[in-house]
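**Q** Okay, here's the structure, questions in a sec.
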Amino acid sequence: MSDILIVGGGFAGTWAAAGAARLLRAHDAATTVTLLAPGPDLVIRPRLYEADPAAYRVPLDRVLGPIGVQRVAAAATGIDTGRRTVTAEGADGRTEHRYERLVLATGSALVRPRLPGAELLHDVDTMAAAVALEEHLQALPEAPEGPGRFTAVVVGAGFTGVEIAAELVGRLRAAAAPHGLADEVEVVLVERDEVVGRGLGAPARPVIERALDGLGVVRRLGVTVERVDQRAVHLSDGSTVPARTAVWTAGVRADGLTGQIPAARDELGRLAVDEWLRVRGVPEVYAAGDTAAAPAEDGHTVTQSCQHATPQGKYAGHNAAADLLGLDREPFTTDPYVTCLDLGGAGAVLTSGWDRALREAPAAYAKARKRAINETWIYPPVDDAEEILRRADFRVGQRRPAPEPTG
Ligand SMILES: Cc1cc2nc3c(=O)[nH]c(=O)nc-3n(C[C@H](O)[C@H](O)[C@H](O)COP(=O)(O)OP(=O)(O)OC[C@H]3O[C@@H](n4cnc5c(N)ncnc54)[C@H](O)[C@@H]3O)c2cc1C
């Protein structure tokens, strides 16, 4: 029996564990915190579009161990909110875990399409998929010569689609150049909408389009993919793009375990939560991160993003512990919304606010900020209980001073 059971070891789950541990330690409470996750690592998911994805992980035990949180290596398979139990499958077989308070933080997953050849589509949603794409790219120079050997089709021109398309230009060139084949590199971005990145806001679009032009990324707008084979991607307008690489990025939904909580969910499958991140109608259960449709500033709802998952985790853990200690819960608030979109070799673009106003900053400044986010800001401290618990304070924002422009 665990007093606070956290399911999921991503940004929300890890910070929920730390948020709970911080309050419990401050009150010298003997309450136990357990985190259940199938893998041993916090996967730094926002970096999975980059080269060398296998490196983007942090051992959970280096965060949880110093702060006294127990980790169970298993995947939750069922939740019974009436009995307050979670069943899980792990190396020890099937186990059952009782809780007083549950934090559901199992994230989200890409919705893969059902179309002929769908099994050939790569993605960058999970560590395993990103590593498979990296290995595929590295093997291309040894693949049989022919059209499309160094062509990649990226499907979906949203945040992830634009980032991976821009990055693939450099990654394919890095694979092809040692063999004198860099001229064969081509990246094609397929989008069924008539514009690139509608959800990224109109102000940033000209910057994105200029960057894609500069990188030579071809856009095929107003079409979608009908089928894929080993040599080509076939589009809905009847055209064919010879390509050995196809990457699907369109559509993400909250993890299916949300469906086992008897509560309302939004169109992304996220649980409706109150200001304290308690699932509405199920007060012993909190949801945080990509599983939660939490209220953000000015009447908006959080996005499925690391920038929202991290503070939600801190609040959910804090509030779950506060419940058990009989203390006041803290209403969730978050830093003002911003986006920083990587444009590969063309820099990056920054927007602020929910209307995504363009931040007029040199591309090099935006790129330095993206690097700081990806390489430093989103990583938790390790091995240092005091620093982990300091950062677990929900009042500590994620952002640090912006890096100086480098050029
Ligand atoms: C390529 C890419 C780029 C991105 N770029 C950005 C960006 O620039 N900025 C940004 O803010 N966000 C970005 N995101 C989104 C961000 O990564 C997610 O919103 C964030 O990871 C959500 O955190 P989370 O803790 O809710 O879920 P996750 O980080 O996905 O963690 C979920 C955890 O739950 C575990 N889990 C899943 N199922 C079970 C189960 N049944 N039992 C137990 N554990 C389970 C998983 O193993 C994992 O540990 C990006 C995502 C991708 C894929």
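The values are calculated or read from the model by the stated rules, or taken from the named source; none is laboratory data. This one's a predicted model, so the numbers in the text were calculated from it and none came from an experiment. All Cβ positions, glycine included, derive from the backbone under ideal geometry; neighbour counts span all protein chains shown.
**Q** Against the condition more than 14 Å from the ligand (Cβ to nearest atom), in contact (Cβ under 8 Å) with a residue 24 or more places away in the chain, loosely packed, with under 15 Cβ neighbours inside 10 Å and among the hydrophobic types (A, V, I, L, M, F, W, C), how does Leu358 come out, does it pass? It would help to see each step written out before you state the result.
**A** Working: more than 14 Å from the ligand (Cβ to nearest atom): yes; in contact (Cβ under 8 Å) with a residue 24 or more places away in the chain: yes; loosely packed, with under 15 Cβ neighbours inside 10 Å: no; among the hydrophobic types (A, V, I, L, M, F, W, C): yes.
No: the conditions fail for Leu358.
**Q** Quick check: anything in segment 29-49 of a type in the set (Lys, Arg), within 15 Å of the ligand (Cβ to nearest atom), touching a residue at least 40 places away in the same chain (Cβ under 8 Å) and surrounded by fewer than 19 Cβ atoms within 10 Å (Cβ to Cβ)?
**A** As a first pass, look at segment 29-49 and keep what is of a type in the set (Lys, Arg): 45, 47.
With within 15 Å of the ligand (Cβ to nearest atom) added as a condition, the list becomes 45, 47.
Cutting the leftovers down to touching a residue at least 40 places away in the same chain (Cβ under 8 Å) gives us 45, 47.
Restricting the remaining residues to those that are surrounded by fewer than 19 Cβ atoms within 10 Å (Cβ to Cβ) gives none.
No, every residue in segment 29-49 fails to be of a type in the set (Lys, Arg), within 15 Å of the ligand (Cβ to nearest atom), touching a residue at least 40 places away in the same chain (Cβ under 8 Å) and surrounded by fewer than 19 Cβ atoms within 10 Å (Cβ to Cβ).
**Q** Might you check whether a residue that is within 20 Å of Arg112 (Cα to Cα), under 21 Å from the mean Cα position of the chain (by Cα) and surrounded by fewer than 23 Cβ atoms within 10 Å (Cβ to Cβ) occurs anywhere in segment 143-159?
**A** yes
**Q** Test each condition in (1) surrounded by fewer than 17 Cβ atoms within 10 Å (Cβ to Cβ); (2) under 30 Å from Glu386 (Cβ atoms); (3) in contact with a helix residue (DSSP H, G or I) (Cβ under 8 Å, 6 or more places away or on another chain) for Ala55 and report the one that comes out false.
**A** (3)
**Q** From Glu297, Glu284, which residue is closer than 16 Å to Gln312 by Cβ, more than 12 Å from the ligand (Cβ to nearest atom), of a type in the set (D, E, K, R) and in contact (Cβ under 8 Å) with a residue 24 or more places away in the chain?
**A** Working: Glu284 fails: closer than 16 Å to Gln312 by Cβ.
Sole residue among the options that is closer than 16 Å to Gln312 by Cβ, more than 12 Å from the ligand (Cβ to nearest atom), of a type in the set (D, E, K, R) and in contact (Cβ under 8 Å) with a residue 24 or more places away in the chain: Glu297.
**Q** Of all residues in segment 337-366, count the ones that are part of a loop (DSSP other than H, G, I, E, B) and of a type outside the set (Gly, Ala, Ser).
**A** Qualifying residue count, segment 337-366: 8.
**Q** Continuing with this model, one more query. Looking at (1) at pLDDT 95 or above; (2) hydroxyl-bearing (Ser, Thr, Tyr); (3) in contact with a helix residue (DSSP H, G or I) (Cβ under 6 Å, 6 or more places away or on another chain), which one does Thr334 not meet, given that it meets all the others?
**A** Only one criterion in (1) at pLDDT 95 or above; (2) hydroxyl-bearing (Ser, Thr, Tyr); (3) in contact with a helix residue (DSSP H, G or I) (Cβ under 6 Å, 6 or more places away or on another chain) is unmet by Thr334, namely (1).
**Q** For Asp328, are the conditions met, namely being free of Cβ contacts under 8 Å to residues at least 12 places away in the same chain and over 19 Å from Gly214 (Cβ atoms)? Spell out the reasoning first.
**A** Working: free of Cβ contacts under 8 Å to residues at least 12 places away in the same chain: yes; over 19 Å from Gly214 (Cβ atoms): yes.
Here the answer is yes, as Asp328 does meet what is asked.
**Q** Still on this structure: Give segment 67-113 a look and list any residue that's of a type in the set (A, V, I, L, M) and not in a strand (DSSP E or B), or say none.
**A** Those that are of a type in the set (A, V, I, L, M) and not in a strand (DSSP E or B): Ile67, Val69, Ala91, Ala105, Val111.
Here's the yes/no breakdown for (1) within 21 Å of Arg83 (Cα to Cα); (2) of a type in the set (Val, Ile, Thr):
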position: Glu267; (1), (2): no, no
position: Val273; (1), (2): yes, yes
position: Arg278; (1), (2): yes, no
position: Ser305; (1), (2): no, no
position: Lys314; (1), (2): no, no
position: Pro331; (1), (2): no, no
position: Cys340; (1), (2): no, no
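**Q** Pick from segment 300-335 the residues that are surrounded by 24 or more Cβ atoms within 10 Å (Cβ to Cβ) and in a loop (DSSP other than H, G, I, E, B): which of them is nearest to the ligand (Cβ to nearest atom)?
**A** Result: Val302.
**Q** Mind checking which residues of segment 1-28 are assigned to a loop (DSSP other than H, G, I, E, B), closer than 29 Å to Cys340 by Cβ and more than 7 Å from the ligand (Cβ to nearest atom)?
**A** None; the set is empty.
**Q** Now for a different question. Given the residues Asp229, Asp237, Asp274, Asp266, which is the only one that is of a type in the set (D, E, K, R), closer than 28 Å to Gly353 by Cα and exposed (fewer than 15 other Cβ atoms within 10 Å of the Cβ)?
**A** The unique qualifying residue is Asp266.
**Q** Further, regarding this structure: In segment 50-60, which residues are assigned to a loop (DSSP other than H, G, I, E, B), hydrophobic (A, V, I, L, M, F, W, C) and more than 10 Å from the ligand (Cβ to nearest atom)?
**A** Selection gives Ala51 alone.
**Q** Can you go through Gly161, Gly117 and tell me which one is under 22 Å from Leu200 (Cα atoms), out of contact with any Phe, Trp or Tyr (no Cβ under 8 Å at 6 or more places or on another chain) and small (Gly, Ala, Ser)?
**A** So the residue among Gly161, Gly117 that is under 22 Å from Leu200 (Cα atoms), out of contact with any Phe, Trp or Tyr (no Cβ under 8 Å at 6 or more places or on another chain) and small (Gly, Ala, Ser) is Gly161.
**Q** Now a separate question. Out of segment 83-136, which residues are within 22 Å of the chain's Cα centre (by Cα), more than 20 Å from Ala263 (Cβ to Cβ) and polar (S, T, N, Q)?
**A** Thr126 - this is the single residue of segment 83-136 that is within 22 Å of the chain's Cα centre (by Cα), more than 20 Å from Ala263 (Cβ to Cβ) and polar (S, T, N, Q).
**Q** Specify the residue that is farthest from the ligand (Cβ to nearest atom); the eligible residues are those in segment 102-113 that are of a type in the set (Val, Ile, Thr) and buried (at least 20 other Cβ atoms within 10 Å of the Cβ). Step through it out loud before you land on a result.
**A** Narrowing segment 102-113 to residues of a type in the set (Val, Ile, Thr): 103, 106, 111.
Subset that is buried (at least 20 other Cβ atoms within 10 Å of the Cβ): 103, 106.
Numbers: Val103: 10, Thr106: 4 Å.
Restricting to residues being of a type in the set (Val, Ile, Thr) and buried (at least 20 other Cβ atoms within 10 Å of the Cβ), the top hit is Val103.
**Q** Looking for something under 21 Å from the mean Cα position of the chain (by Cα) and outside the structural domain of Gln138 (by TED's automatic domain parsing) - is there at least one such residue anywhere in segment 20-32?
**A** The first filter runs over segment 20-32 and keeps only residues under 21 Å from the mean Cα position of the chain (by Cα), leaving none.
No; the residues of segment 20-32 include none that is under 21 Å from the mean Cα position of the chain (by Cα) and outside the structural domain of Gln138 (by TED's automatic domain parsing).
**Q** Which ones in segment 277-299 are buried (at least 24 other Cβ atoms within 10 Å of the Cβ) and part of a helix (DSSP H, G or I)?
**A** Hits for segment 277-299 are Gly289, Asp290, Thr291.
**Q** Quick one: in segment 114-137, of everything that is part of a loop (DSSP other than H, G, I, E, B) and surrounded by fewer than 18 Cβ atoms within 10 Å (Cβ to Cβ), which residue is nearest to the ligand (Cβ to nearest atom)?
**A** Only one residue fits best here, namely Thr126.
**Q** Within segment 81-101, which residues are out of contact with any Ser or Thr (no Cβ under 8 Å at 6 or more places or on another chain), within 15 Å of the ligand (Cβ to nearest atom) and touching a residue at least 40 places away in the same chain (Cβ under 8 Å)?
**A** If the condition is that a residue be out of contact with any Ser or Thr (no Cβ under 8 Å at 6 or more places or on another chain), within 15 Å of the ligand (Cβ to nearest atom) and touching a residue at least 40 places away in the same chain (Cβ under 8 Å), then Val86, Gly90 are the ones that fit.
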